[in-house]
Amino acid sequence: MKNSVLKFLWVLPALWVMASCNDNLSEVGGSIQPKDDKIRARVDSVSVNYSTMLMPSVYSNSRITLLGEIKDPFYGNFKANFISKLRHARGFKFAHKPIGGKIDSLQLHINYNVWAGDSTAILKAAVYKITDPVSGGGYSQKDLSKFQKEKNFLGSLVYTAKSGKTDTQRGLRYLSVPLSKELGQKFYDASINNPHFFDTQEAMEKELLQGLLVTTTTGSGNVLSVYGIEFRIFYSYEGDIKDKDGKTKKGSVKAVEIFANTKEQIQVNGFENSQIEDLLIPNDKYTYIKSPAGVVTKMLIKKEELVKALDRSGKGYNPAKRWLLNEAQLKIDVEQPDPKVTEMAPPPYLILLAADSLKNFFEKNYTELTHPESAFLSTIYSIEHRYYNFSNISPLISKHLKEHAKYLPDGKIALDKDLEAVIVPVQKFTVNSLDKNVTSEINNFIFPAAAKLKTSGRARKVGIISTEYNKQ
């Protein structure tokens, strides 16, 4: 696309599971040891099934959100808007008295520095005052249109991504949406006549402003990655100025008071994916990823496959033996995106999560370091190699066997549950510890991205290496 910019250009290629696909057990005997103390290494494989599943809502406790709309011929349409609340300021007062007790103007600054799509695409942003209760608990919603009431309209702006002004100090671009001056005047009047309106968050929301809906009403082709908003009240006051001769005199001086959103306030993301039905059609060759709040890939290893690996001989449980799973390598290849078909790029990372840990993982700010038995972060995607490597997922399999394996009266081994995992697009944050970057935070990937994962051929097998030895 002309002047098209995908600022986060993570091109996710194709899904394959790295496996030693020897269905026949290989044994490496400890031949120098006594026969009854022999240690045997085994190489097995288990079959894996994959499918694409909906992920209609994602959790985020960050100020980062999205605004705009893009239409992709392969991955479908995506529209983003958001509701944000402003942080109260206890004891708030204007730093100066506005001339005549009147403000000059009110603007909403929308801060951003990256985007997906065409930087010259023309869209129209609109801002509405929120008057209805807002809830969400950090999860995105598909439709925020019920909050879009014409009687609560505050202002609009026609823009392109490249038309934003630059804040050089913070390294951000921003859009300045002019809002109804009456609301800004209401804030000033309250600071004089009802200062207690600013004492608590609840009081400010009840008496002045519950929140703002920021959406687009026309145009498509671009989605901004928004790094917070600022409610700016501009006014003039009488102060000291210097004339052309350098002499000080009284005159009109410009000033601004700012309210911003923070992580402590509720922010509701509106993410709507449409025309994605084709991605959900069962397919033996591919599964898909689309973020945010689109589709993800489900991985399933049937219990019969795990029993076969655990009890390869078919003779059942031997109480004199101990079996340990040492390694299970998983690598995911991605098909190279065709620019003639799609402009969506793959996310930087995927994480494989045990299905029953998905909800708590993001809500409680877990990482692959805090939960090494249920979370496996891939290597960063590279356009040179076009794969994600999850390395050794044997702890996931071992944990599942420990929790669900049963020994039957006849000595046979049974599992009461298939192993299910979900592969989700994420963003990783790091800190430096002992001269090494380590993961500090993992979030759902809040940016338009998509990938076509290869799940045919050797992707259907996960190779596992285990050891068996006599109990002491």
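The values are calculated or read from the model by the stated rules, or taken from the named source; none is laboratory data. Just so you know, these numbers come straight off a predicted model, no measurement behind them. All Cβ positions, even for glycine, are placed from backbone atoms using ideal geometry, and neighbour counts span all protein chains on display.
The set of residues in the stretch 168-227 that are outside any strand (DSSP E or B) and in contact with an Asp or Glu (Cβ under 6 Å, 6 or more places away or on another chain) comprises F197, S220, G221.
Taking the criterion of being surrounded by fewer than 18 Cβ atoms within 10 Å (Cβ to Cβ) and either in contact with a Gly (Cβ under 6 Å, 6 or more places away or on another chain) or in a helix (DSSP H, G or I) (or both), the residues of the stretch 156-167 that qualify are K162, S163.
Does N77 satisfy the criteria of being polar (S, T, N, Q) and crowded, with 20+ Cβ neighbours inside 10 Å? Spelling it out, it is not the case that N77 is polar (S, T, N, Q) and crowded, with 20+ Cβ neighbours inside 10 Å.
Per-residue answers, yes or no, for (1) surrounded by fewer than 18 Cβ atoms within 10 Å (Cβ to Cβ); (2) within 29 Å of the chain's Cα centre (by Cα); (3) closer than 25 Å to K146 by Cα:
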site	(1), (2), (3)
L175	no, yes, yes
N194	yes, no, no
A203	yes, no, yes
E207	yes, no, yes
L213	no, yes, yes
S220	no, yes, yes
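Of all residues in the stretch 442-471, those that are surrounded by fewer than 15 Cβ atoms within 10 Å (Cβ to Cβ) and not polar (S, T, N, Q) total 2.
So which of L330, L350 is under 19 Å from the mean Cα position of the chain (by Cα), in contact (Cβ under 8 Å) with a residue 40 or more places away in the chain and either in the same structural domain as E384 (by TED's automatic domain parsing) or under 19 Å from M299 (Cα atoms) (or both)? The match here is L350. Give the stretch 394-403 a look and list any residue that's within 20 Å of S45 (Cβ to Cβ) and surrounded by fewer than 20 Cβ atoms within 10 Å (Cβ to Cβ), or say none. Listed by number, the residues that qualify are P395, S398, K399, L401.
The single condition among (1) aliphatic (A, V, I, L, M); (2) in contact with a helix residue (DSSP H, G or I) (Cβ under 6 Å, 6 or more places away or on another chain); (3) under 24 Å from F78 (Cβ atoms) that V424 does not meet is (2). Here T131 clears all of (1) assigned to a loop (DSSP other than H, G, I, E, B); (2) in contact with a Phe, Trp or Tyr (Cβ under 6 Å, 6 or more places away or on another chain) except the condition numbered (2).
Just one of the listed residues (E403, E441, E373, E368) is of a type outside the set (K, R) and in a strand (DSSP E or B), namely E441.
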